[in-house]
Amino acid sequence: MARVSASSDVDLDTLWQAFHDAVNMTSRELRDWLQTQSASEGSDEFADQSGTDLGRGVLAVLGKRKTDLTDDDLVVMRRVVDRVDSLRGESEEPTPGGNDRWRRRLMNIGHDPLKPA
């Protein structure tokens, strides 16, 4: 996988910041969440295969420095920022009694809507 070049059309600093604003869970919190969500009696998944492809992509990006990002990482970052913005919207209030399915979808990509800003 090719690393992102400095001459790339991407405003890397802006995307990096937007991604880290959207992803408010630590890599440990996200890894634990994905493993918990994937756990079942009949599950044969290995810990590093837990969660969705996008969730695992978020974990990979969280473990990198900005200078080590690949083009695939940028795709993951854009998708996460867009998805968090889309799912959060303006109308959803993050409350403990709110929509649990909505919260799980966000947490699967590293955003806990109940976590203080």
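Annotation for Lys64 and Arg28: the two label points, set 7 Å from Cα along the Cα-Cβ direction, are 2.4 nm apart.
Take the Cα of Leu54, step 7 Å toward its Cβ, do the same at Thr36, and the gap between the two points is 2.1 nm.
Give, in nm to one decimal, the length gained when the segment between Ala117 and Val75 is fully stretched (0.36 nm per residue of separation minus the Cα-Cα distance).
On the way: separation 42, 0.36 × 42 = 15.12 nm, distance 2.48 nm.
Working it through step by step, the gained length comes to 12.6 nm.
Every number in this text was worked out from the coordinates using simple rules, so none of it is lab data. All values derive from a computational prediction rather than experimental measurement. Glycine gets a Cβ as well: all are built from the backbone with ideal geometry, and neighbour counts include every protein chain shown.
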